[in-house]
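Quick notes on the structure that follows.
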Amino acid sequence: MLFERAYCQAAVCAPSRASLLTGRRPDTNHVWRVSDDEYWRTVPDATNATTIPQYFKENGYISIGMGKIFHPGAQGGSNDALYSWSPEGLPYFEADTPRSDVRIAQGSAWYSFTDYDDNRLDDGKIADNAVSVLQQLKQNRSNGDARPFFLAVGFLKPHLPFYCPSKYYDLYPQASDIALPSNPDPPQDMPEIAWTPWRELRNYYPNISSNMCSRTPSSITDVNCQVSSNTTKELRRGYYACVSYIDAQVGKLMASLESEGFSDDTIVVLWGDHGYHLGELGMWCKNSNFEDATRVPFMVCVPGVTDNGMKTDALVELIDLFPSLTELAGIDVPPMCTENSAKSIACVEGSSVAPLLNNPTMAWKNGAFSQFPRPAAGLSVIPGCPPFPDDENNESVMGYSVHVDNYRFTEWYRFNRTTSTANFSDIWGTELYNHSSPTVSFNDENVNLANQPEMAVIVKELRSLLQAGWKAALPNVTSTESTPTLSGGSNLSYHVISMVLSLLLLYVVF
């Protein structure tokens, strides 16, 4: 099943992955940015939460991970190796592309490697390793090891830099023929605190500098400054090529699943940790609460249930993955977290999407919630905003966003990172965008309607929903609408494969 309206809880790698993998929202984990002091197991007053792979391991599964699942380094506890993975999955596999290959690209934000095989680069190595693991698991089964497996495969692309073999670049027109974004300007009446200055792109690649701005004022930190048209086209082409490169790696893994005899008893889920701006709204990368940054790919394949292809436009969240996988796999679903769940080892703050597999059009959540701090994730003080009262490297203001059927509502509040609470009376910016067009679109956020008098009632209603929080938007599911009947029956233990694609805007290649 393709979930067409799936949203992350924070549009940057570390907090999004921590949220999904623990089933807790960023404010519960106290993880809001990419920082060595924000590992959910060690942050003061946060939670030592059980992770998805850890939970499956504790329920009799062989748990194996590879590539980018948790955020690398201290932010993810060195792949959370002490807790999440079975001995069969250690040492943890991380591809190691020779630095000489990176030097060939000379620090460019995009590069086409001529005559490279897929496995010369990281993601090809990760796919090959996944195939080898499946082959070994088949051998284990032949030798009498009947344990089900949980396999997590984390691909890196299409994360910057946009490097991949040239054959994937060749699938697309030359950069000069690549379309520019149809909405390249910041939203009208947008509060400047909502804008991301895409330091990720600028800091990593000095050639993306102010001399590439295509309009005045020329300062690249200005909200009205954009990357030149030529550079925009090169970057977009590189992104598309990397998506196709990853599509090939996913195909390799799915083919191996079939050839090794696992396709009839393996649940497969494909997800991305956040979306990505490719010049839309004058922004790049992630680090925002806009549709481009928060909407993510999310697909679930359950043998005998989703075989004919299914899709739904129900509002779902990445945090729903934990309860969904456990319910579909037939193991105990962790309970819903209480109001203060920091000391609960295993609970969830999302809802299983299993009922949607039975009825894709059923009434579901009233809203999907995301958040992003300012300043954070390496962002400087936003131009035009009042001075931040705290160190610019900490979270001083939090933007909370809720996407409902016809609108996105975002409001920015003064934030206390120690207590993980917002001051709803100290508002730094309000946004309302109309999403009532008949088709799901990334281009509906061009005008902020929050200050228009005729929208005052809508603003009041959505502010109440936003401040009430995620529990107020949960679906009302009866027992008769629960787990779909799986083809293997109640006596079959399902294997699980979880694949993550970094920074995928919308996975449409299948």
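Just a few scattered comments:
- THR361 vs. criteria over 30 Å from VAL397 (Cβ atoms), in contact with a strand residue (DSSP E or B) (Cβ under 8 Å, 6 or more places away or on another chain) and surrounded by fewer than 19 Cβ atoms within 10 Å (Cβ to Cβ): yes
- Within the set ILE126, ILE193, ILE178, the sole residue that is surrounded by 15 or more Cβ atoms within 10 Å (Cβ to Cβ), touching a Gly at 6+ places or on another chain (Cβ under 6 Å) and over 30 Å from TYR400 (Cα atoms) turns out to be ILE126.
- When region 406-447 is limited to residues that are under 23 Å from the mean Cα position of the chain (by Cα), within 26 Å of THR28 (Cβ to Cβ) and outside any strand (DSSP E or B), the one that is modelled with the highest pLDDT turns out to be SER420.
- Residues within region 455-510 that are at pLDDT 70 or above and of a type in the set (S, T, N, Q), tallied: 4
- Members of region 24-53 that are over 24 Å from MET398 (Cβ atoms) and either touching a strand residue (DSSP E or B) at 6+ places or on another chain (Cβ under 7 Å) or assigned to a loop (DSSP other than H, G, I, E, B) (or both): THR50, THR51, PRO53
- Within region 258-293, if we keep just the residues that are part of a helix (DSSP H, G or I) and at pLDDT below 95, the residue that is nearest to ASP307 (Cα to Cα) turns out to be GLU280.
- Qualifying residue in region 282-297 (condition: within 17 Å of VAL500 (Cα to Cα) and small (Gly, Ala, Ser)): yes
- GLY89 falls short on exactly one of the conditions (1) under 18 Å from PHE155 (Cα atoms); (2) of a type outside the set (Ser, Thr, Tyr); (3) in contact with a strand residue (DSSP E or B) (Cβ under 9 Å, 6 or more places away or on another chain); (4) surrounded by fewer than 16 Cβ atoms within 10 Å (Cβ to Cβ), and that condition is (4).
- If you filter region 329-387 down to residues that are modelled with pLDDT of 70 or more and of a type in the set (Val, Ile, Thr), you find that the one that is farthest from ALA473 (Cα to Cα) is ILE331.
- Filter pass, LYS286 being of a type in the set (Lys, Arg), under 24 Å from ALA368 (Cβ atoms) and surrounded by fewer than 22 Cβ atoms within 10 Å (Cβ to Cβ): no
- Scanning region 393-405 for residues that are modelled with pLDDT under 95 and in contact with a Leu (Cβ under 8 Å, 6 or more places away or on another chain) turns up just one, ASP405.
The values are calculated or read from the model by the stated rules, or taken from the named source; none is laboratory data. Fair warning: this is a prediction, and the values are worked out from it, not measured in the lab. So basically every Cβ, Gly included, is an ideal-geometry build from the backbone, and we count neighbours across all protein chains shown.
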